[in-house]
Each structure stands twice: as C-alpha cells, then as structure tokens.
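Each remark here refers to the structure printed beneath this line.
Any read-out appearing in this document is the output of simple, stated calculations on the displayed coordinates, not a laboratory observation. None of the values given here were measured: they were computed from a predicted structure. Don't worry about glycine lacking a Cβ; one is built from the backbone with ideal geometry, like all the others, and counts go over all protein chains shown.
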Protein chains: 2
Amino acid sequence: MNIALDEKKVSDAVIPRILHYLRVIQQLEKSDKMTISSEELSKIANVSAFQIRKDLANFGKFGQPGTGYDISNLKKYLLDIIGSKEMCNLGLVGVGNLGSALLNYKGFEEEGLKFVAAFDKDEGKVGKVCGNVIVEHSNNLKESIKKNDVHIGIIAVSVDNAQQVADKLIEAGIFSILNFAPVVISVPKEITLRDVDLSIELKALRYFSVNK
Amino acid sequence: MNIALDEKKVSDAVIPRILHYLRVIQQLEKSDKMTISSEELSKIANVSAFQIRKDLANFGKFGQPGTGYDISNLKKYLLDIIGSKEMCNLGLVGVGNLGSALLNYKGFEEEGLKFVAAFDKDEGKVGKVCGNVIVEHSNNLKESIKKNDVHIGIIAVSVDNAQQVADKLIEAGIFSILNFAPVVISVPKEITLRDVDLSIELKALRYFSVNK
C-alpha cells in the first residue's frame with residue numbers, strides 16, 4: 001500500500017481522529033470481526049461516515065464504496081499513516097498533583113511514550129523519584145532536555161508560569177508542547193502547541209447537556 | 001444583543017472553540033486593549049480568522065467586516081452563547097493518581113465546576129477525604145449521584161472497567177460523561193460523551209513534529 005501524503009498540509013484536526021479510528025480498530029481486532037461497515041465504524045467511533053471517508057482520503061484511496069472495511073487492512077493503513085514506531089521521549093515541567101499523576105501513569109510506555117525528565121522549581125521536590133524519573137530543578141531544564149533527547153515538552157505548571165516555561169522549553173530546542181495550564185500560550189509558528197484544557201471540556205459538556 | 005441559536009444543531013466542535021475564544025478574550029481584557037483585529041485574535045487563539053467568523057456566525061451576526069472586535073462586547077457575546085452561570089456538579093469514578101489530581105485541582109471552582117462526589121471500588125480508599133469530597137464505595141454510585149445532583153460523570157478508571165462504569169453512570173441518570181480511560185466507550189445517542197485521551201494528544205504531537 002502506498003500512502004502518499006498530499007503536498008497540502010493535513011489539517012491539525014485530522015491526525016487525532018486518525019489515532020482515534022486506530023484505537024477503535026485495535027479494540028475491534030480483539031473481537032471475532034473481520035470486516036466492518038462504514039456505518040458501524042461511524043457509530044462506534046462517534047464520527048460521521050462522511051468524516052471518516054474524508055479523513056482517510058487525505059492519505060490516498062482506501063476501501064471500496066459499499067464493501068465496508070477489512071479490519072486488519074484498515075489497521076495497517078492507519079499505522080502506516082501515523083508512522084514512527086520509535087519511542088517518543090517526554091519531558092514534564094511542574095510536578096504537582098497532575099504532573100505526578102502523569103509521571104506515574106502506566107499506560108504511556110505501551111503506546112511508545114516515555115518520560116525521560118521532569119522538572120520543578122520547588123527544592124522540596126527536586127531529587128525525588130516520580131514514576132521512572134528523578135525530579136530535577138527547573139534551572140537544569142535546558143541542559144537536561146538536550147541530554148535526554150526530549151521530543152515533547154509537557155507543561156503542568158500554574159497559569160502564571162506557563163508562558164515562561166513554554167519559552168524555556170522552546171529555548172531548549174523543543175518543537176512540540178502539550179499544555180495543561182488553563183491559559184493561552186503564544187509560541188512561534190514553527191512550534192506545535194496543543195492544549196488540554198479540562199475546564200473547557202467540562203464546560204462544553206455542560207453546554208451540551210443544557211442545549212440538547 | 002439577541003443570540004438566537006439556529007434550529008440546526010451546532011457542531012460539537014464549535015463549543016470548545018467558543019470557550020477557547022472566551023479564554024483568550026478574558027486574558028486580553030486584563031491588558032489595556034479595547035479592540036482586537038480578527039487577524040490578531042486569530043493569531044493569539046491559533047485558529048484561522050475564517051474559522052472564528054464561521055463559529056460566531058452560528059449564533060447570529062457579530063462584528064462588522066474590517067472594524068475588528070470590541071473586546072468587552074465580544075466577551076459578553078461569548079458568555080451569552082455559553083449561558084448558564086450556575087455551578088455544575090461533578091462526580092468522579094476512580095480515585096487513582098489522575099482521579100486524585102482532578103479532585104485536588106483548585107482551578108475548577110472558579111470556573112463554576114464543583115466535585116460533589118467521588119467513587120472507588122477499593123475499600124482502602126473509601127472514607128478518605130480527597131479535595132472537597134469523601135470517597136464513597138462504587139456500590140453507592142447510583143444513590144449518591146441522585147442525592148448529590150451530579151450533572152457530569154468523570155471516568156478515571158482503568159480501560160477494563162470504563163465501559164461498565166459508563167453504563168452505571170447512565171443508569172444513575174447521567175447524560176454527560178468525560179472519559180479519561182484510553183478506550184472507546186459506547187453510549188446511547190442521547191448521552192454526550194467526550195474523551196480526553198492523553199496518548200492520542202501526545203501521538204498527534206509526535207506526528208506533527210515528524211511531518212513538519
């Protein structure tokens with residue numbers, strides 16, 4: 001199968017959905033099913049069949065109208081899109097409640113994601129083991145990020161410190177940032193920033209529950 | 001200002017973006033700025049100016065082409081869209097690392113979001129205080145969800161238990177669920193389910209960093 005990514009940039013929203021389809025397909029694989037109709041896939045993934053076809057079409061032709069999807073082929077196709085099976089090194093800044101929970105989460109490694117560094121400015125936390133890493137002082141950030149070959153920087157500090165931490169991560173050579181602080185951070189356009197804003201998720205749910 | 005929501009359902013993706021614009025505008029409000037051009041707003045929010053106009057257009061006419069946005073009017077407009085200023089009651093299932101971090105997070109209350117109940121099946125956790133709640137046994141879920149008037153159920157249990165917990169929440173009368181377990185849960189169509197899948201966020205970042 002030849003998956004040629006079009007010259008045009010695929011919209012940022014497509015890739016998380018491709019990963020979501022992969023999650024669905026990997027679950028289906030554990031069942032006895034061999035094929036799945038686009039309607040059924042749409043229902044399980046909670047995404048319209050039109051959207052699924054459109055997303056897949058970004059990466060070339062897949063499937064034939066009316067025949068449904070072959071589960072093992074679709075899995076292979078999605079994995080080819082996502083590419084890289086290499087371990088991805090994560091560095092976290094801010095070892096508070098959320099930061100600790102992330103460092104201790106067992107599920108990342110099997111997904112190819114590994115914490116290799118964690119930082120805090122609180123001397124009381126420096127030197128402590130959290131998950132698989134020893135917490136370092138934030139002053140070491142630049143040096144340690146380079147030494148540990150960190151690919152993705154995770155911001156789990158307070159609102160007031162988030163922009164400054166982002167600046168330091170970028171200065172250390174990081175191009176990809178996941179931000180948990182509920183604040184809008186500004187970054188140069190060559191940096192990819194994604195926000196996980198839990199208040200927004202919850203307020204969106206509240207909106208839907210009221211306006212349904 | 002008269003914000004009439006069209007008969008047609010607003011796409012599920014619009015509301016989180018509206019909340020994101022509100023976050024940006026509330027930050028801008030703290031500066032001395034009175035107005036903002038659509039290009040500037042687009043740059044700060046990291047969303048195209050076309051998308052912003054299109055999202056706002058779902059809720060009636062706002063702003064005049066070429067004049068930019070009045071910050072305080074836009075804030076009022078966005079707040080009117082989002083509506084409800086009432087406290088929203090949250091119930092959490094699964095008091096592990098992530099669950100505890102959520103219960104202890106101080107930022108939710110100022111956003112109108114309040115934990116009123118938490119559940120775990122581990123007897124060792126039952127009765128402990130976590131944030132503002134006392135952890136109850138999962139066997140009490142149905143009764144406690146009703147008694148405490150929980151609006152949103154949060155799933156922070158393991159992959160293997162997530163579907164069962166979702167079923168129990170729905171049985172208890174919950175219509176809105178935020179799921180942190182990295183698994184695709186199936187729910188009846190009258191239920192609103194949102195997933196926060198951190199592995200997917202991180203893998204999307206990895207994809208973008210490789211394909212940039």
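Residues whose amide H falls under 5 Å from that of residue B:35, counting only those 5 or more places apart or on a different chain, are B:71, with hydrogens built in the peptide plane. Mean per-residue shielding of peptide B:190-200 is 6, counting Cβ atoms of other chains within 10 Å of each Cβ.
Estimate the FRET efficiency between residue A:80 and residue B:34 by the formula 1/(1 + (r/R0)^6), using the beta-carbon distance for r and 51 Å for R0, to the nearest 0.05. After rounding to 0.05, the efficiency reads 0.50.
Exposure proxy ranking for A:137, B:20, based on other Cβ atoms within 10 angstrom of each Cβ and starting from the fewest, stands as A:137, B:20. A Stokes-Einstein calculation at 4 °C with viscosity 1.567 mPa s, built on the Kirkwood radius of the stretch B:133-212 over Cα pairs, returns a diffusion coefficient of 93 µm²/s.
Could you compute the longest span of chain B free of GluC sites (Glu not before Pro) located in DSSP loops and having at most 13 other Cβ atoms within 10 Å, not counting the site residues? Formally, the longest exposed-site-free interval is B:8-85. Among residues of chain A, the one whose beta-carbon sits closest to the A-to-B rotation axis is listed with its distance in Å as A:101, 2. Each of B:92, B:141 was scored by other Cβ atoms within 10 Å of its Cβ. Listed from fewest to most, they are B:141, B:92. A P(r) calculated from all alpha carbon pairs of the protein assembly as shown, with 20 Å bins opening at zero, reads 24, 59, 17, 0 percent. Ranked from shortest, the separations from the 7 Å Cα-to-Cβ label point of residue B:129 to its equivalents in the other copies are 3.1 nm. Remark: the stretch A:14-82 carries a charge dipole of roughly 140 debye about the Cα centre, counting +1 on each Lys and Arg Cβ and -1 on each Asp and Glu Cβ. When the charge dipole of the protein assembly as shown is built from unit charges on Cβ atoms (+1 for Lys and Arg, -1 for Asp and Glu) and taken about the Cα centre, the candidate among B:102, B:59, B:176 whose Cα reaches farthest toward its positive end is B:59. Here the Debye sum runs over all C-alpha atoms of the stretch A:14-82 as equal scatterers in vacuum, and log10 of I(q)/I(0) at q = 0.15 Å⁻¹ comes out as -0.39.
In terms of its C-alpha gyration tensor, the stretch A:89-182 has a rounded overall shape, because the principal axis ratio a/c (a ≥ b ≥ c, square roots of the eigenvalues) stays below 1.5. Legend: residue pairs A:54/A:75; B:147/B:189; A:114/A:189, Cα-Cα distance threshold 23 Å; pairs beyond threshold, B:147/B:189; A:114/A:189.
Taking the square roots of 5 times each eigenvalue of the Cα gyration tensor of chain A, largest first, gives ellipsoid semi-axes of 36, 20, 17 Å.
Charged side chains reduced to their Cβ positions (Lys and Arg at +1, Asp and Glu at -1) give the stretch B:34-184 a dipole of some 260 debye around its Cα centre. Coupling constants for the stretch B:120-126 follow from the phi torsions by the Karplus curve (6.51 cos²θ - 1.76 cosθ + 1.60, θ = phi - 60°), and in residue order they are 8, 8, 7, 4, x, 8, 4 Hz; glycine and proline get x. Basic side chains Lys and Arg get +1 at the Cβ, acidic Asp and Glu get -1 at the Cβ, and with that the dipole of the protein assembly as shown about its Cα centre reaches some 520 debye.
Take residue A:164, move 7 Å from Cα toward the beta carbon, and the resulting point lies 4.7 nm from the same point in each other copy, nearest first. Between copies, the label points of residue B:210, set 7 Å from Cα on the Cα→Cβ line, lie 4.3 nm apart, reported in increasing order to one decimal in nanometres.
Remark: B:165, A:24 ranked as A:24, B:165, counting other beta-carbon atoms within 10 Å and listing the fewest first.
Rounded to the nearest 0.05, the FRET efficiency derived from the C-beta distance between residue B:13 and residue A:190 at R0 = 30 Å is 0.75.
Close amide H pairs (under 5 Å, H built 1.01 Å from N) link residue B:154 with B:91, B:92, B:93, B:178, residues at least 5 positions away or on another chain. The stretch B:126-199 and the stretch B:26-40 have Cα centres separated by 38 Å.
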